[in-house]
Each structure stands twice: as C-alpha cells, then as structure tokens.
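Below is one structure, written out as structure tokens; the observations come after it.
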Amino acid sequence: MFTNVIVRRPSKSLVDGITSAPELGKPDYELALKQHDDYIAALKECGVEVTVLPALEEFPDSCFVEDTAVITRKGAIIDNPGAGTRNGEAKAMEPTIREFFDDDRIAYIEAPGTLEGGDVMMVGDHFFVGRSARTNEEGIRQFIEILEGWGLTGSEVPLEYVLHLKTGVNYIEDNNMLVSGEFIEKSDFAEYNKIVIPEDEAYAANCIWVNGTVIVPEGYPTVLEKIQEAGYKTITVDTSEYRKLDGGLSCLSLRF
Ligand code: CIR
C-alpha cells in the first residue's frame, strides 16, 4: 500500500519540454494544469497523502517527477537523469526526499552512471530496470548494487523502441502486468499474468496502481475494459497534454 505521493505542478515552460512527437502539437498550459488538478484528486481518492511541489520554470519537464528518484520500502535513490536539460531536477527533488528519509536511507546514482525513474518498475522487492537512451549500464550497475545492499534485487531489461521501460510495461500488483509492443514476448515477464495492450492504445500501457485502484488515462476503452475485467476499480484521468511530451500517469508522481 502507498501512503505518500509527491507531484510537482507543471511550469509554463512545459510547452518547451522534450518530445519525440512534435506532430501532436505543444501542450496547452491551462489544460495541463486542470489535468494535473484531476490527477491529484484521483490520487487522493485512493487514500494517499499528496505533497504538491511548486512549478520550476527553469526545468520544462520537471512535472515528470518520477524520473528524479526511485523510492523503495528500504530507502530512496536519487537519480542522475540522462537527459541533459533534466539533470538538475534530481537535485531540486532532494530536499523533499529528505523530509521523508534519514541520511542512511538515501543513496545516489552518480556520473558516469545515468538513471531515470521511468526506467524502473517495482514488482514487490524486485526492480526491473530498462537500459535506454536515458539509463546506462553504469547507472544500472550502481542501482542494483544499492538495492542489494538493502536486501532487494534488480535486473536489467534492454529497450529497443520506447523512451522508458514503463512507457510500455507496468505492474498493477496481484501478478498482473500491462504489456505492450516489445514487452509482450519478453522472457523477463513470462511468469506474470499479462494483460496485452493493443497497438492502437499503446499509450495506455502506462497506468498506475494505487492501493487497489488502477488509474487509467482517459480515452483508451479497450485497456479500461481489460483492467476492469481483471477485477480492478478504476479511475480515468485525461493526460492529453502530457502525452504530447511522451509523459503519462506514472511519470507525474513518486508513490511510496
Ligand atoms: C522527457 O522526455 O523526459 C519528458 N518529456 C517525458 C518524461 C516521461 N517520464 C516518464 O516516462 N517517467
């Protein structure tokens, strides 16, 4: 169960965030704010305490807080984001992490290692880590070493097409995993009950489980139905403006 969630308000500079899909257009800041409000409301409905951090204009992608840290039940790992324009976001998150964790429960990914939290998927005490354009071999090595020091485990999953691991695969507890594209056949996930996401709804592979409820992006009816058929209560939240920057539901929060 999660008790806390950290989010950061989107900045006006959001319109200049990194994107692989400029054809979707620039995000509408006012609409992004409204969607962020709805996201916070959905999280609160799941029974968590939400810490809302102020916008950081100097970092256009800083609302995607998931990439700045990985929080485990043993401690927090401050990331070293691989995207140059995002690197300083991890430092900006550190004081907030310190409000929740003592020094001996905080570790760091250090250069030349890079790691972004979007590449980390927690499955109980095991953490799958995507090797991506943002998360490198050395970052993964440091990450797994830290986990093992805390009695946890990790394993690497090389990515071919997507930005982050959780762009395409997400664990929704109870042995159920949402899998799309390159992850459908990966042997790493063979032991889980796979809920296969159709190609035309691939964006909705990025859902989040929060205390028994699955928050699903609005506008993906097949995925919504499959998750409900699996027995979950669901809440939908429109994330259209974040999608324009390759961001989804998981990217917008740290849950612990
Ligand atoms: C980026 O390219 O870094 C942002 N525009 C999107 C980050 C998405 N974060 C995530 O998947 N965890």
Could you compute how much accessible surface S62 exposes when probed at 1.4 Å, giving the result in Å² to the nearest 10? 0 Å²
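Rounded if a/c is under 1.5, else prolate if a/b beats b/c, else oblate: with a ≥ b ≥ c from the C-alpha gyration tensor eigenvalues square-rooted, which is region 181-256? It would help to have the intermediate numbers written out before the result.
Values: a/c = 1.39, a/b = 1.22, b/c = 1.14.
Because its axes are fairly even, with a/c under 1.5, region 181-256 counts as rounded.
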Rounded Å value of the spacing that divides the Cα centres of region 1-68 and region 187-256: 16 Å
Computed over region 22-79, protein heavy atoms only, probe 1.4 angstrom, the accessible area per residue in square angstrom equals 43 Å²
Provide the per-residue ³J(HN,Hα) series for region 30-37, in order, calculated from phi with Karplus coefficients 6.51, -1.76, 1.60 and θ = phi - 60°, each as a whole number of Hz, with x at glycine and proline positions. 4, 5, 4, 4, 4, 5, 5, 4
Which entries of K12/K233; K34/K244; K26/K91; K34/K194; K12/K34 show an alpha-carbon separation above 23 angstrom in the structure shown? K12/K233; K26/K91; K34/K194
I'd like the Karplus ³J(HN,Hα) series for region 237-250: coefficients 6.51, -1.76, 1.60, θ = phi - 60°, whole numbers in Hz, and an x wherever there's a Gly or Pro. 9, 6, 10, 3, 6, 7, 4, 4, 10, 6, x, x, 4, 5
Pair F100, E23: separation of 7 Å Cα→Cβ label points (nm): 3.8 nm
Calculate the dipole size of region 43-148 relative to its Cα centre from +1 charges on Lys and Arg beta carbons and -1 charges on Asp and Glu beta carbons; express the result in debye to the nearest 20. 160 debye
Before I look further, what does region 99-256 give for accessible area per residue, probe 1.4 Å, in whole square angstrom? 41 Å²
Express the carbon and sulfur contribution to the solvent-accessible surface of the chain as a percent, rounded to the nearest whole number, probe 1.4 angstrom. 50 percent
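The values are calculated or read from the model by the stated rules, or taken from the named source; none is laboratory data. A quick note: this is a predicted structure, and the numbers were derived from the prediction, not measured. Here Cβ is always computed from backbone atoms with ideal geometry, including for glycine, and neighbour counts include all displayed protein chains. Areas reflect the complete protein model, heavy atoms only, side chains present, ligands, DNA and RNA absent. Shrake-Rupley method; radii C 1.70, N 1.55, O 1.52, S 1.80 Å.
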